[in-house]
Amino acid sequence: MIAPRVMVVEDEEPLGVLLRYNLESEGYQVEVVARGDEAEIRLQENVPDLLVLDWMVPAVSGIELCRRLRMRPETERLPIIMLTARGEESDRVRGLSTGADDYLVKPFSMPEFMARVKALLRRAKPEVLSSVLKVGDIVLDRESHRVYRKKSEIRLGPTEFRLLEFMMRHPGRVFSRSQLLDNVWGETIYIDERTVDVHVGRLRKAVNNGRMPDVIRTIRGSGYAIRED
């Protein structure tokens, strides 16, 4: 199962370490960034499932970054939890009005933070927590690691399973080879991008089985996507 991806934008190193530890303990993939400008660049390259954003970070403030993200089609619906030491009602109103989905005032309890992360993901992106994904006539069961198309089981290797799972979480969205490498294989693993083509080919052959309509789109010069219908 591909764990939900969370980016934490926090310049207080002890808090960043604590948030990473607790999120990873619950099975999330976590990236911690200390500067707003660096986070903005990373978010242009890869959009996580949820963003934890401190209001007061260097270079580009959290409130400004939140405003910019809501103006981009790729991140206009990105779930955002804003963290801040600013607890006045006017500050909370400003944070929520700028586009934050939730707002936590420091200091906060870790159990409450974790509960809010899960609640926001369940509300905004239920597919990342659901054990069963369905796109068109393909059903993927994350718990049993089984895939079906028109009720017929499809045999997939571990990499093809993760690849299909990731694409089914984002039906219709086009992913470049580098984006698929980062999300399916992991950013710390070096693999040639041509490896993606090999595994997509294997996945396509398995799910189409030579007779069914092709559910995987190849967009020349851009990457791959799974059809929504």
* Asked: Among the residues of segment 133-144, is any assigned by the TED database to the domain that holds Asp54 and of a type in the set (Gly, Ala, Ser)?
  -> no
* Asked: Quick one: how many residues across segment 149-183 are within 15 Å of Asp197 (Cα to Cα), at pLDDT 90 or above and among the β-branched types (Val, Ile, Thr)?
  -> 1
* segment 9-34, residues that are under 17 Å from Ala124 (Cβ atoms) and either more than 18 Å from the chain's Cα centre (by Cα) or aliphatic (A, V, I, L, M) (or both) -> Leu23
* From the set of residues in segment 16-26 that are free of Cβ contacts under 8 Å to residues at least 40 places away in the same chain and open to solvent by 40 Å² or more (accessible area, probe 1.4 Å), which is nearest to Gly186 (Cα to Cα)? -> Glu24
* Structure fact -> Residue count, segment 70-114, condition in contact with a strand residue (DSSP E or B) (Cβ under 7 Å, 6 or more places away or on another chain), modelled with pLDDT of 90 or more and open to solvent by 30 Å² or more (accessible area, probe 1.4 Å), comes to 2
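Quick one: which of Arg162, Arg149 is touching a helix residue (DSSP H, G or I) at 6+ places or on another chain (Cβ under 9 Å) and either exposed (fewer than 14 other Cβ atoms within 10 Å of the Cβ) or more than 20 Å from Pro4 (Cα to Cα) (or both)?
Values: Arg162 fails: either exposed (fewer than 14 other Cβ atoms within 10 Å of the Cβ) or more than 20 Å from Pro4 (Cα to Cα) (or both).
It is Arg149.
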* Asked: Take the residues of segment 131-147 that are of a type in the set (Gly, Ala, Ser) and touching a residue at least 12 places away in the same chain (Cβ under 8 Å): which is farthest from Ala206 (Cα to Cα)?
  -> Ser131
* Please specify each residue of segment 131-144 satisfying the condition of being open to solvent by 40 Å² or more (accessible area, probe 1.4 Å) and either of a type in the set (A, V, I, L, M, F, W, C) or under 21 Å from Gly172 (Cβ atoms) (or both). => Val132, Lys134, Asp137, Val139
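The values are calculated or read from the model by the stated rules, or taken from the named source; none is laboratory data. From a predicted model like this one, the values you see are computed outputs, not experimental measurements. For neighbour counting, all protein chains shown are included, and Cβ atoms are generated from backbone atoms with ideal geometry for every residue, glycine included. Just the protein is used for accessible areas: all its heavy atoms, side chains included, with ligands, DNA and RNA removed. Shrake-Rupley method; radii C 1.70, N 1.55, O 1.52, S 1.80 Å.
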